[in-house]
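Q: Submitted below is the structure of interest, expressed as structure tokens.
Where a number appears in this text, it was derived from the coordinates with a stated rule and is not lab data. It should be emphasised that the depicted structure is a prediction, and the values quoted were computed from it without experimental measurement. Every residue, glycine as well, gets a Cβ built from its backbone with ideal geometry; the counts of neighbours run over all protein chains shown.
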Amino acid sequence: MSEELSVTGRLKLLVDTAEVSIWERLLPSGVFFGVTTNPKLINQAGLPCTIESLHRLARTAFELGANEIHLQVWGTQTSEMLAIGRELAIIDRRVRVKVPGIRAGFPCAKTLAAEGAQVTLTALYAAEQTLAAIALGAAYAVPYLGRITDAKMDGLAEVIAMQEIVDQFPGRTRILVASVRQMSDVVTLARHGVGVYALQPFLAEGLLDNPLSIQAAADFEGSARAANLTKTPG
């Protein structure tokens, strides 16, 4: 996959987990462009949140066919985040460095982007934060759809507004929707031009295993076998 394809306007579905066993099930399907992680997901997978651990995780993701992996910085100070972000950025050109959209994170994101890293500005809750992502030169701006809704806001409307802002300033920044809880929201947002999603495993599995499609395929297979059995020998 060329670097050009990894940053243009094509649809991208990403698996939102650090569980390698889930990657092994889903990535071979060819449906998913890559994976997203964060320190919480790393912890849930029982892995240490260290540069060495994330290096091994990235290598595994690429061996399984991922075109990109999102790895997140940690720390409370800009200097801490920047030091970790630089270490993550040099793992591989397919690494996207996630930086939280907070005051300490903004200068980190700006510096990393200026140095050539692909930056993902994450944990966004309001449409105006998209302006910061664009100004910083981030490759992705990540709204937390479900959590926005939990905060008594209209999550879908907020994400659609983010996409409308990005559309007015064509360039590198794309909206990457995380905290997705139902595929109907993905369908709604896709109709408004939002093209990148981090899907939790249960949603990703469901996308591959529609029961009606499975039944239709079984019916076709039964017909094919029946036709072969009744075929007159030549």
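Q: What is the local net charge at residue 14, summed over the other residues whose Cβ is closer than 13 Å to its Cβ (Lys, Arg +1; Asp, Glu -1)? Don't skip to the end; give the middle numbers.
A: Numbers: positive: 10, 12, 94, 96, 98, 174; negative: 16, 68.
For residues surrounding residue 14, the net value is +4.
Q: Using only the Cα atoms of the chain, build the gyration tensor, take square roots of its eigenvalues as a ≥ b ≥ c, and label the shape rounded, prolate or oblate: rounded if a/c is under 1.5, else prolate if a/b is larger than b/c, else oblate.
A: Working: a/c = 2.24, a/b = 1.66, b/c = 1.35.
Prolate, since a/c reaches 1.5 and a/b exceeds b/c.
Q: Given R₀ = 30 Å, FRET efficiency for residue 209-residue 153 by Cβ-Cβ distance, to 0.05?
A: Working: r = 32 Å, r/R0 = 1.07.
Rounded to the nearest 0.05, the efficiency is 0.40.
Q: In segment 61-90, whose amide N lies under 15 Å from the spot 7 Å out along Cα-to-Cβ of residue 103? List them in ranges.
A: The answer is 76-79.
Q: Taking the 0 to 90 degree range and rounding to the nearest ten, how far is the long axis of helix 155-168 tilted relative to the main principal axis of the chain, both from C-alpha atoms?
A: Compared with the principal axis, the helix lies near 70 degrees.
Q: Sequence gap of 8 or more, or different chains, plus Cα separation below 29 Å: how many lysine pairs satisfy both in the chain?
A: Summing the qualifying lysine pairs gives 9.
Q: Right, here's the next one. Suppose a student asked you for the relative contact order of segment 3-230, using Cα pairs under 8 Å spaced at least 6 residues apart; what percent would you report? All intermediate terms of the calculation are to be shown ahead of the outcome.
A: On the way: 375 pairs, mean separation 38.1, N = 228.
Averaging sequence separation for qualifying contacts and normalising by length gives 17 percent for segment 3-230.
Q: Something else: Angle, helix 211-230 long axis vs. longest principal axis of the chain, Cα atoms, 0 to 90°, nearest 10?
A: The angle comes out at about 30 degrees.
Q: Find how much the distance from residue 25 to residue 217 grows on full extension, using 0.36 nm per residue of separation minus their present alpha carbon separation; answer in nm with one decimal.
A: 67.1 nm
Q: Apply the Karplus parameterisation 6.51 cos²θ - 1.76 cosθ + 1.60, with θ equal to phi minus 60°, to every residue of segment 132-146 and state each ³J(HN,Hα) to the nearest whole Hz, in sequence, with x for glycine and proline.
A: 5, 4, 5, 4, 7, x, 6, 6, 9, 10, 10, x, 9, 3, x
Q: Grab the Cα-Cα distance for residue 83 and residue 181, subtract it from 0.36 nm times how many residues apart they are, and report the gain in nm with one decimal.
A: Numbers: separation 98, 0.36 × 98 = 35.28 nm, distance 3.33 nm.
That works out to 31.9 nm of additional length.
Q: Still on this model: Using the alpha-carbon atoms, what tilt in degrees (0 to 90, nearest 10) does helix 105-114 show relative to the longest principal axis of the chain?
A: 80
Q: Grab the beta carbon distance between residue 225 and residue 202, set R0 = 41 Å, and tell me the FRET efficiency rounded to 0.05.
A: Values: r = 33 Å, r/R0 = 0.80.
My answer for the efficiency is 0.80.
Q: Return 53, 223 ranked ascending by Cβ neighbour count within 10 Å, so the fewest neighbours appear first. Let's see the in-between values first.
A: Working: 53 14, 223 10.
Lowest count first: 223, 53.
Q: Order 105-118, 145-158 from most to least packed using the mean count of other Cβ atoms within 10 Å. Kindly include the intermediate steps, with their values, before the conclusion.
A: Details: 105-118: 19.3, 145-158: 15.7.
Most protected by this proxy first, the peptides run 105-118, 145-158.
Q: Defining a contact as two alpha carbons under 8 Å apart and six or more residues distant in sequence, what relative contact order in percent does segment 149-234 show?
A: Numbers: 45 pairs, mean separation 19.9, N = 86.
It comes to 23 percent, rounded to a whole number.
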